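Data block below; observations after.
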Amino acid sequence: MFDQVFGNYLVESGRMTKEQFAKVIERQSTVRVKLGLIAVSDKLMTAQQADEVNMLQSVMDKRFGDIAVEKGYLTDDQVGLLLKKQGNLYLTFVQTLVDEGICTLEDIAAYLDSYRQENGLSATEMADFVSGDPDKIIALFLPADNSYCARLCSLAVRTLIRIVDSSAYISKAYRTDMITADQCAVQEIAGAFQLTSGFAGAGKNLLAMAVPFAKEEFEEVDMDALDAVGEFTNCVNGLFSSALSEEDVEIDMLPPAFYLKNFCDNNIENKTESKITITGSFYVLPVMIRDCRMDFIVSLDSPLKIQ
């Protein structure tokens, strides 16, 4: 997820074009991260020291790590640890940016610091961000004041990445009392607590989820497409329910409910051309799938009003 979050940040901030980003994403699967880049990223070497070792490699038939040890820049143990990190997604993405000539290591360090400041992240949180661990990255964007909502949001994102689109990414969750949408599919949970969750979207954005999940082409976000979104929500809530049952927390899932701006819950008599308004007290987790935004909404012990 790091590549999508940080890559889109670079595009939105004008530091990289969409075309460059697409090329980096395409190429990174073939890139093997250089040991020097990892050493610099881990602050074990300076960029100047890495450049020096790279230059020496052009005249010496030795590996980067061997030369770095000879120069006293690294120890054998440090080289061993660095070799284990060569599959790290963060490092792969950074290596591709450098190989494509889009930016230097110094540029990337500055851009990461800008991202940290703009998003109010601590040094520990930034370490999680560049760790390459999807769970740690997802946790940075989740509600911090409600464990059930955070767990469900995390589960929804992991499931989305696993079975819908591996390039999906998220923005920071926020709490609100109203949003508008063209369509939404929600499901209520009853039992040990009351919870409502689901997805809302505008235009055709929800098709980015419905089509790959249902493995069926939809031209519009109609009731059939919303049924696929509802089934995905049901799948996530089913996993959530199973996890809670192991903790002796029992919940029951109600059937999903679907809302379109032209009619609600299959009741065609309630047609309206206005947008749907969702009110209450709930969290919104923005989700992006290939430039299509949809909102994952979660309300705990506070009923939602959808009209």
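Quick note: the coordinates plus some simple rules give every number you see, no bench work behind them. Here the structure is a predicted model, which is why all the values come from computation and not from measurement. Quick reminder, even Gly has a Cβ in these numbers, built from the backbone with ideal geometry, and neighbours come from all protein chains shown.
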Point to revise | Helix-only mean residue ellipticity at 222 nm for the chain, each DSSP H run of n ≥ 4 adding -39500 (n - 2.57), per residue, nearest 500 | key: -14000 deg cm²/dmol
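Under 13 Å from the Cβ of LYS136, count the other residues' Cβ atoms, weight Lys and Arg +1, Asp and Glu -1, and hand me the total.
Details: positive: ARG158; negative: GLU125, ASP128, ASP133, ASP135.
Net local charge, LYS136 excluded: -3.
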Check your understanding: On the first, second and third principal axes, largest extent first, how far apart are the outermost C-alpha atoms of region 25-144 in Å?
Key -> 52, 30, 23
**Study point:** Separation of the THR46 and GLU106 label points, Cα + 7 Å toward Cβ, nm
**Key:** 1.1 nm
Exercise for review: Note down the magnitude of the dipole of region 162-307 about its Cα centre, charges +1 on Lys and Arg C-beta and -1 on Asp and Glu C-beta and zero elsewhere, to the nearest 20 debye.
Suggested key: 620 debye
Check your understanding: Separation between the GLU220 and ASP76 pseudo-spin-labels, each 7 Å from Cα along Cα→Cβ, expressed in nm?
Key -> 7.1 nm
Practice item. In whole angstrom, note down how far apart the Cα centers of region 175-204 and region 1-51 are. Key: 36 Å
Revision key, fill the gap. Bounding extents of region 1-64 in its principal axis frame from Cα atoms, largest first in Å, are 40, 23, 19
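For the pair ASP291 and GLU125, what calculated FRET efficiency results from E = 1/(1 + (r/R0)^6), where r is the Cβ-Cβ distance and R0 = 30 Å, to the nearest 0.05?
Working: r = 26 Å, r/R0 = 0.88.
In this case the efficiency is close to 0.70.
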Revision key, fill the gap. The percentage of Cα-Cα pairs in region 157-247 separated by more than 22 Å is 31 percent
Study note, to complete from the structure: Two pseudo-spin positions, 7 Å from Cα along C-beta at SER147 and at GLU247, lie apart in nanometres by 0.5 nm
Practice item. Once you have the Cα-Cα distance between LYS23 and LYS275, take 0.36 nm times their residue separation minus that, and quote the gain in nm to one decimal. Key: 87.0 nm
Practice item. Towards the positive end of the charge dipole of the chain, with charges on Cβ (+1 Lys, Arg; -1 Asp, Glu), say which of ASN54, ALA243, ALA192 has the farthest Cα. Key: ASN54
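Using the per-residue mean of other Cβ atoms lying within 10 Å as a proxy for protection, in what order, highest first, do the peptides 90-96, 146-152 fall? Intermediate values should be presented prior to the final figure.
Working: 90-96: 23.3, 146-152: 18.9.
Most protected by this proxy first, the peptides run 90-96, 146-152.
In region 25-96, which trypsin sites (Lys or Arg not before Pro) fall in coil by DSSP and have 10 or fewer other Cβ atoms within 10 Å? Provide the component values of the computation, followed by the final result.
Values: sites: ARG27, ARG32, LYS34, LYS43, LYS62, ARG63, LYS71, LYS84, LYS85; in loops: ARG32, LYS34, LYS43, LYS62, ARG63, LYS71, LYS84, LYS85.
Here the trypsin sites (Lys or Arg not before Pro) that fit, given the DSSP loop and packing criteria, are ARG32, LYS43, LYS84.
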Review point. Lysines near LYS23 by alpha-carbon distance under 25 Å, same-chain residues fewer than 8 away left out - which ones?
Key: LYS34, LYS85
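The chain: D in µm²/s via Stokes-Einstein (Kirkwood Rh, Cα pairs, 37 °C, 0.692 mPa s)?
Roughly 152 µm²/s, to the nearest whole number.
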